[in-house]
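> Structure provided below as C-alpha cells; questions to follow.
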Amino acid sequence: MTIPSKYPYLTIFARYTALLLLLSVFQQGMAQEAGDHQYTTEAIEAGSRVYTQQCALCHGPEGGLIDGVDLRRGQFPSVRSDDDLRALVRSGAGEGRMPGFNLRPEEMNGVIAFIRAGFDPDGIAVKIGDPVSGQALFQGKGECTNCHRVNGVGPRTAPDLSSIGAVRTPASLQRNLLDPATALLPINRAVRIVTRNEETIVGRRLNEDTYTVQVIDSQERLRSLKKSDLVSFEISDSPSKQPTTLSSDEVADVIGYLLTLRGLQ
Amino acid sequence: MKTLKSVWLTLFTAATLSAALNVAAQVSYERILNAADEPENWLTYNGGYSSQRYSQLDQITPANVNQLQLQWTLQNQVFGAWQSNPIIVDGIMYVTERPNSVMAVDAITGRVFWKYRHVPADGARICCGANNRGVAVLGDRVFMGTLDARLVALDRINGQPLWNVEVGDVDQAYSVTMAPLVVKDKVIVGVGGGEYGIRGYVAAYYVDSGEQAWKTYTIPAPGEPNHDSWEGDDWQHGGAPVWITGSFDAELNLTYWGVGNPGPDWNAGQRPGDNLYSDSVIALDADSGELKWFFQFTPNDGYDYDSVQVPVLADIVWRGTPSKVMMWANRNGYFYVLDRVTGKFLVGKPYVKVNWSSGLDANGRPIPTPQPEGMPTYPGNQGGTNWYPPSYSPRTGLFYFSAWQDYATIYRAEETVFEPGRAFLGGGFSVLAPAPDAPTIGIGRTNPINNWTNEVGHASLKAMDPQTGEAVWSYDQFDVSDSGMLTTGSDLLFTGGREGYFHAIDARTGELLWNVNLGGQIVMAPVTYMVDGVQYVSVISGHAMSTFALRGN
C-alpha cells in the first residue's frame, strides 16, 4: 500500500528549490516597463517594506492567509475604495482580530499602493491581447474547454475559471499557459486512488488532511475518502495539461479574455 | 417554608465560618511543589514545576480510550486562536479568553461560575495575536498577565480584582501573554515585544501586595557580564523577550526561562555579537532573580529562532550517571539535553532538516552556515518547533513535541532604524512554496481547505530519547501542528494539530489509538484531571473547549 502522505516530498521538495529559482529568473525576464500604474514605483516599494514589517506576519507574504481576504488579488469582505482601506488599516477589523495600525501618511499610502499593485513592485508588464479573439481561442484551438468550465459551460474536472480574472494576476495567467508544471497549485494536483473495494478513482484533489482526502472525480462526483480504506493514493506531480502551443499573440489574447472573467457581478 | 429557610441560612452561616479556616482547600506552595502527587488537579501551566505535562492518572487506558465520550463543550465568545491552558483546582477550572478575561468553570459540567474582564489599553501592541495562555494560582488567588503589560491578582472564589500592577510600558510595546509562574510567595512573569525592540526581562511580584520583588533583564547593561556581546546601544532595544512560562527546581532554588529572539529579527548584521541572552535558557535564583547560568542556543540569530520553549526538567540516569537534566527541542531545529545544575551541554542533534548550521561543537555552539541570499533556510521562520508545550513521560523516558518538517523560509535582511513602540523587524521573509502563486502556511489556520498542502511543511510528532538525542518514533500529520502534548500514567499521549483532530497515541510505540475531529485548530496542549473518581481530558479546538471522559460517566 502506498499512501504518499508520510515522507513522499523530500525529493519533490528539493526540486522545488531549483524551480523557484528558475521562476524568479523567469519573472525578472518578464519584467519590463513599469507601465502606467497610478501609484509611483517609489510608493509601491516603500509600501512593500511597510507590508513586510506590519502586515505580513498575519496576512502572509502573499496576502492570502486570512480567510475571506486576499490582499494581493484585491479581495476584501467590505473594503471598496482606497479610502475604505485606509480607514480599516487605521482602526482595525474583524471584531478585534486585526489591530489598528498607526502608520505615517507616506507609509499608509505606500502600503495601499503595494496592495493595489498586486504586491508587484517590479510592475511586470504582461502582454494582454484581444478578449474576443481570446474567447474564440479558449473555446476552440486552445482546447481549454475540454477540461475547464466558465459561467456554467464546460466540465468541472479542472478548476472553474469563471472568476479567474479576479483572482490571478496577468503574470500568473501567462505562466499557467506557458509553463503549467511550475504554475500548478499543489492542491490541484491530479490524484489516482484505488480503494479496498477495488474501485479506481481519478480526479482532482479539493482538500486533504492526515486521515482523509476530498476529490472531484472524473464523473464530477464529490468524493470524501478515508485513507485507511485505500489500497493506493497517488498524487501526480505533473499537471494534466502541456505547455500551450499557441503563439505569443494568441496567448496574449487568451490572457485578455481570462482577465474579463470576474465571476458573478 | 419559613422555618426551612431559616435552618438553611443557619447552616450556610456556619459553613461560611468554617470556610475561613479551611486551609486544606487553599492552593499552598507545598501543594504546587508536590503537584505530581495530586494528579486529580492541574495546578500550573505545565502541570507542575518540572513542566513534564505528565499525569499519573490512568483510568483512561490504551484499551479503553476508544470509549471516550464528549462530556461538555465551552464556547469561546471571541474570535482568534484560543491558546489558553486551563488550571484545575479541586473540580474548578480557571481558563482565560481573549483578550484578557478569566473564567472559573465547573470542571464536571462546563458551566461558568464567574468571569472577570480586563480590557487592555488601546496602545497595546502584539505582533502575533491577542493571545493569553492562562493563569497561575496560589492560596485563594488567581494571577493573569495582560496584553497591556500588567499583572492582575483576582480572588479565586468570586473573581474580584485584588491588585493590578504595571509590569512594563505599554507605549513601548511591552506585553504579557504567558501564564505566570508562582514560586513560594512570588508570582513571576516575563514580557513579550521581541518584534518591537524592547529590552526583555523577567520580574517577580509579591503575591500579597503586587509589589515588585526583583527584575532581571535578559540583556546585560554596561558593566554587567556579557554586555560585550552587543555593540553600541543595540542592547537597549535588542529584544530578548520572555513570553512562555518557565520551570522551577526547588532543590536548586532555580527558575528556568526560555528567552526569545534578538531584534531586529532578520538582520543579524545590524547587531554584531552573540546578543546575549537572546535565544538562550537562563537560570535565575527564585528568591533574588540573580542569573546563575545561561546557555545560548543560537548566537547572533537572524532567523527569529526564539528559545521560548518550555524548559522540561527530569531527574534521570543519563548514560549511566544519575543526572538533573533539562530537555529542549529548540525552534532552531536542534534537540538538546543540558545539565540543569550548571547549564553544561550534554547532547544536541538536529530533529528536522537544518541548513543554517552544519552542526554543534563540543560545547553545543552551532557552526553557522548562512544560506546565500534568496535561498531557503531550514527550518523556516516559525521554526522546527515553537512555544507549544512538550511532554516528558518518566514511564517511557521519552520527550514528545510537535515538529514542523520540510518547512523552509527565504529571508531578506534590511537595515531598520529603531523607533520606540514600532515594529523592529529588519527585513522580511517568504515561505518556500512549490509554485509562485501557491498559498503558504502562516501563524494560524484560518481556512478549512488545506490549499497549501503538506508540500510547504507538515507536522511530525517526535518521541525523543534523551540518551541519544534522537527520535525513537514519529507521527506525521498533513498540516503543521502547534499543539502541545500530554502524557499519562497509562502511557497515553494526547495531542492535536491545526486540522482539528484530537489524537490519542500509544506513548511507547507511536501507534494511533483513537481520534476525533473537533473541527478547529488545536493550538495548546490538552490537560487531564479527575473529579469524583472520573478522569477527564480537556482540549481547546478552534473556539471551543471539549472535555471527554469514558462512556458511562
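Bear in mind that the values in this text are calculations on the coordinates, not laboratory data. What you are looking at is a predicted structure, and each value in this text was computed from that prediction instead of being measured. Reconstructed Cβ throughout: ideal geometry from the backbone, glycine too, with neighbour counts over all protein chains shown.
> Strictly over 23 Å apart at the Cα level, which of B:Lys184/B:Lys324; A:Lys141/A:Lys241; B:Lys324/B:Lys353 would you flag in this model? If you can, show how the numbers build up before the last one.
Values: B:Lys184/B:Lys324 21 Å; A:Lys141/A:Lys241 14 Å; B:Lys324/B:Lys353 29 Å.
The pairs that break the limit, which is 23 Å between Cα atoms, are B:Lys324/B:Lys353.
> Shifting gears a bit: Scale the Cα Rg of chain B by the rule-of-thumb value 2.2 N^0.38 Å and send over the ratio, two decimals.
0.93
> Rounded to the nearest 0.05, what FRET efficiency do A:Lys127 and A:Arg262 have when you use their Cβ-Cβ distance and R0 = 25 Å? Walk me through the numbers before you get to the answer.
On the way: r = 20 Å, r/R0 = 0.80.
Computed FRET efficiency for A:Lys127 and A:Arg262: 0.80.
> Projecting each Cα onto the charge dipole of chain B (Lys/Arg +1, Asp/Glu -1 at the beta carbon, about the Cα centre), which of B:Tyr206, B:Gln52, B:Phe113 comes out farthest on the positive side?
B:Phe113
> If you don't mind, another one. Could you give the angle, 0 to 90 degrees to the nearest 10, between helix B:2-20's Cα long axis and the longest principal axis of the Cα atoms of chain B?
40
> Net charge within 14 Å of B:Asp279 by Cβ-Cβ distance, Lys/Arg positive one each and Asp/Glu negative one each, not counting B:Asp279 itself? Walk me through the numbers before you get to the answer.
Values: positive: B:Arg271, B:Arg331, B:Arg365; negative: B:Asp265, B:Asp274, B:Asp301, B:Asp304, B:Asp306.
That works out to -2.
> Suppose the chain between B:Ile157 and B:Lys215 were pulled fully straight at 0.36 nm per residue; how much longer would it get relative to their current alpha carbon spacing? Before the final figure, lay out each step's value.
Values: separation 58, 0.36 × 58 = 20.88 nm, distance 2.97 nm.
Additional length available on full extension: 17.9 nm.
> So if I place +1 on the C-beta of Lys and Arg and -1 on the C-beta of Asp and Glu, and nothing else carries charge, what would the dipole magnitude of the range A:41-116 be about its Cα centre? I want it in debye, nearest 20.
Values: 9 positive and 11 negative charges, 13 e Å.
Value, rounded to 20: 60 debye.
> Can you tell which of B:Tyr536, A:Ala190, B:Asn76 lies farthest toward the positive end of the dipole of the protein assembly as shown, using +1 and -1 charges on the Cβ of basic and acidic side chains (Lys, Arg; Asp, Glu)?
Among B:Tyr536, A:Ala190, B:Asn76, the one farthest towards the positive end of the dipole of the protein assembly as shown is B:Tyr536.
> Could you tell me the extents of the range A:41-116's C-alpha atoms along the three principal axes, largest first, rounded to whole Å?
Sorted from largest, the Cα extents of the range A:41-116 read 31, 22, 22 Å.
> Further, regarding this structure: Normalise the Debye intensity by I(0) for the range A:124-188, one equal point scatterer per Cα, no solvent, then take log10 at q = 0.15, 0.18, 0.24 Å⁻¹ and round to two decimals.
Taken in order of the listed q values, log10 I(q)/I(0) reads -0.50, -0.73, -1.36.
> Separate question: Between B:Lys344 and B:Asn164, what length comes free when the chain is fully extended (0.36 nm per residue of separation minus the Cα-Cα distance, one decimal in nm)? Spell out each step's value before the answer.
Details: separation 180, 0.36 × 180 = 64.80 nm, distance 3.87 nm.
Stretched out fully, the B:Lys344 to B:Asn164 stretch lengthens by 60.9 nm.
> If you don't mind, there's one more thing I want to ask. Let me see the P(r) profile for the range B:226-309: every Cα-Cα distance counted, bins of 10 Å, each bin given as a percent of all pairs.
It works out to 21, 48, 25, 6, 0, in whole percents.
> What's the local net charge at B:Leu33, with K and R +1, D and E -1, over the other residues with C-beta under 12 Å away? Intermediate results must be reported in sequence, preceding the final value.
Numbers: positive: B:Arg31, B:Lys184; negative: B:Glu30, B:Asp37, B:Glu38, B:Asp249, B:Glu251.
Taking every Cβ under 12 Å from that of B:Leu33, the sum is -3.
> Can you quote the Å³ per residue value for the convex hull of the Cα atoms in the protein assembly as shown, rounded to an integer? Let's see the in-between values first.
Working: hull volume 148.0 nm³, N = 818.
Spelled out: Cα convex hull of the protein assembly as shown, divided by residues, is 181 Å³.
> Further question on the same structure: Bins of 5 Å, beginning at zero and ending with the bin holding the largest distance: percent of Cα pairs per bin for the range A:186-235, please.
That works out to 5, 24, 38, 27, 6, 0, in percent per bin.
> Would you mind checking which residues have amide H under 5 Å from A:Leu206's amide H? H placed 1.01 Å from N; only 5 or more apart, or other chain.
For A:Leu206, the qualifying residues are A:Gln214, A:Val215, A:Ile216.
> Check the protein assembly as shown for me: any Cys whose beta-carbon has no other cysteine beta-carbon within less than 4.7 Å?
So, A:Cys55, A:Cys58, A:Cys144, A:Cys147.
> Once the dipole of the range A:61-158 is set up with Lys and Arg at +1 and Asp and Glu at -1 on Cβ about the Cα centre, which of A:Ser133, A:Gly110, A:Gln75 lies farthest towards its positive end?
A:Ser133
> Could you work out the relative contact order of chain B? I mean the mean sequence separation of Cα pairs under 8 Å and 6+ apart, divided by the number of residues, in percent.
Working: 1589 pairs, mean separation 76.9, N = 553.
Rounded, it is 14 percent for chain B.
> I need the P(r) histogram for the range B:420-511: all alpha carbon pairs, bin width 10 Å from 0 out to the longest distance, whole percents.
Spelled out bin by bin, the range B:420-511 gives 14, 36, 28, 18, 5, 0 percent.
> Residue-wise, which Karplus ³J(HN,Hα) couplings in Hz belong to the range A:204-214, taking 6.51 cos²θ - 1.76 cosθ + 1.60, θ = phi - 60°, and x for glycine or proline?
In residue order, the calculated couplings are 10, 6, 9, 6, 7, 9, 4, 10, 9, 9, 10 Hz.
> Treating only the Cβ of Lys, Arg, Asp and Glu as charged (+1, +1, -1, -1), what charge dipole size does the protein assembly as shown show about its Cα centre? Round to the nearest 20 debye.
On the way: 63 positive and 86 negative charges, 394 e Å.
Taking the Cα centre of the protein assembly as shown as origin, the dipole is about 1900 debye.
> Given H placed 1.01 Å from N in the peptide plane, which residues other than close sequence neighbours of B:Ser280 have an amide H under 5 Å from its amide H?
Amide H neighbours of B:Ser280: B:Val259, B:Phe297, B:Ser307.
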